[in-house]
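One structure below.
The values are calculated or read from the model by the stated rules, or taken from the named source; none is laboratory data. All figures in this text were calculated on a predicted structure; none of them were measured in a lab. When we count neighbours, we look across all protein chains shown, and the Cβ atoms used for this are built from the backbone with ideal geometry, even at glycine. Surface areas here come from the heavy atoms of the whole protein model, side chains and all, with no ligands, DNA or RNA. Shrake-Rupley method; radii C 1.70, N 1.55, O 1.52, S 1.80 Å.
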Amino acid sequence: MSGLRELLMVRPGGTRLADIDPRSTPGLPGKRVVGGDPKRWSQTQVAEMSEELNTYQERLFASAKEGGTNRRVLLVLQAMDCGGKDGTVRNVTQGMSPAGMKAVSFGPPDEQERRHDFLWRIRRGLPPAGHVGVFNRSHYEDVLIVRVHNLTSEDVWAQRYEQINAFEAEETADGLTMVKVMLHISKEEQKKRLLARLDDPSKHWKYNPGDLAERARWEDYQRAYEDALNRCSTTAAPWYVVPADRKWYRNWAVATLLRDAFADINPQYPEPDFDAAAERAKLLAAE
Ligand code: AMP
Ligand code: MG
């Protein structure tokens, strides 16, 4: 178990994004340990953790197979555009069984979703028992973009922090382990990544001319993020801020946070409801 959670966890009321350097690498062991090459070291660690994560995922799935447990794990990723949400998901879930996963991306709500409470589509997107869920964006958009662009009145979005806390408390009491991660990139890094998208025709599909309008509201977003992080980092479902300008650190940190969450749950294969030795003897005796 690592102390990374302690380092990256948002302490309600006390986190200012401006104080967290997006290029920093908190919790990474010293130069001697990483053999002078932190990038390579992190990548090796991620490969090892990925084996661990896959075993955990299988045990979680197996433990829920006969019912009786509603254990579920949900990775929630929030970030500014180009923050690396997709890359992180690809990296930390590599090798997990798709059958035990539920990944959902949240864009602007469609007509049906708009007819319901903002948490309606979120509840539907939660992982079933024994599954690992990934949210690429989440209910937090309803206090981020919605707040920045006044998509609802302030008295509506201002109540959502408490509604989110109540919702998350209810779900975590019902077996959900949430790992909520904000990938924190710098404005300069975003510019570099947006340029890279524009310079590569195979990445144009990821670009949206509206991204520039969002970028122009950078400071408003940082403030909205700070409020969401500080108001909704709870004991039941804490927020973590992962410095994300360096992709290899980001991948290592998120994999570590997920691994630590699984280690707490430590799901076990269920006891079989048959006698394996007797079954084996029968199989061998038969044709
Ligand atoms: P992307 O993640 O690049 O596909 O973009 C999805 C877009 O949907 C982002 O600009 C989000 O801010 C936006 N979005 C997600 N949830 C909501 C929401 N509840 N209301 C309005 N816009 C949203
Ligand atoms: Mg986008």
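Enumerate the pairs (first residue in the stretch 101-118 and at negative phi; second residue anywhere and more than 16 Å from ligand 2 (Cβ to nearest atom) and among the polar types (S, T, N, Q)) with beta-carbon separation below 9 Å, excluding pairs fewer than 6 apart on the same chain, so at least 6 apart or on different chains. From residues that are at negative phi, the pairs are Met101/Gln57; Met101/Thr93; Ala103/Thr93; Asp117/Gln163; Phe118/Thr152; Phe118/Gln163. Number of residues in the stretch 82-107 that are buried (at least 19 other Cβ atoms within 10 Å of the Cβ) and in contact with a Lys or Arg (Cβ under 7 Å, 6 or more places away or on another chain): the value is 3.
For Asp200, the conditions (1) surrounded by 11 or more Cβ atoms within 10 Å (Cβ to Cβ); (2) more than 16 Å from ligand 2 (Cβ to nearest atom); (3) of a type outside the set (S, T, N, Q) are fulfilled apart from (2).
Can you confirm whether the stretch 135-155 contains a residue that is within 16 Å of ligand 2 (Cβ to nearest atom) and farther than 22 Å from Trp218 by Cβ? Full working, then the answer.
Narrowing the stretch 135-155 to residues within 16 Å of ligand 2 (Cβ to nearest atom): 135-138, 140-141, 144-145, 148-149.
Still in the list and also farther than 22 Å from Trp218 by Cβ: 135.
Looking for residues that are within 16 Å of ligand 2 (Cβ to nearest atom) and farther than 22 Å from Trp218 by Cβ, one finds at least one in the stretch 135-155, hence yes.
Filtering the stretch 4-40 to residues that are surrounded by fewer than 18 Cβ atoms within 10 Å (Cβ to Cβ), assigned to a helix (DSSP H, G or I) and either among the hydrophobic types (A, V, I, L, M, F, W, C) or out of contact with any helix residue (DSSP H, G or I) (no Cβ under 9 Å at 6 or more places or on another chain) (or both) leaves Glu6, Leu7, Leu17, Ala18, Asp19.
When restricted to residues that are within 16 Å of ligand 1 (Cβ to nearest atom) and either aromatic (Phe, Trp, Tyr) or open to solvent by less than 40 Å² (accessible area, probe 1.4 Å) (or both), the stretch 216-259 contains 8.
So that you can scan it fast, the table gives a plain yes or no per residue for (1) modelled with pLDDT of 95 or more; (2) part of a loop (DSSP other than H, G, I, E, B); (3) crowded, with 17+ Cβ neighbours inside 10 Å:
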{"position": "Pro109", "(1), (2), (3)": "yes, yes, yes"}
{"position": "His116", "(1), (2), (3)": "yes, yes, no"}
{"position": "Glu141", "(1), (2), (3)": "yes, no, yes"}
{"position": "Leu151", "(1), (2), (3)": "yes, yes, no"}
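When the stretch 164-195 is filtered for residues that are touching a strand residue (DSSP E or B) at 6+ places or on another chain (Cβ under 6 Å) and basic (Lys, Arg), only Lys180 remains.
Asn54 falls short on exactly one of the conditions (1) surrounded by fewer than 14 Cβ atoms within 10 Å (Cβ to Cβ); (2) assigned to a helix (DSSP H, G or I), and that condition is (1).
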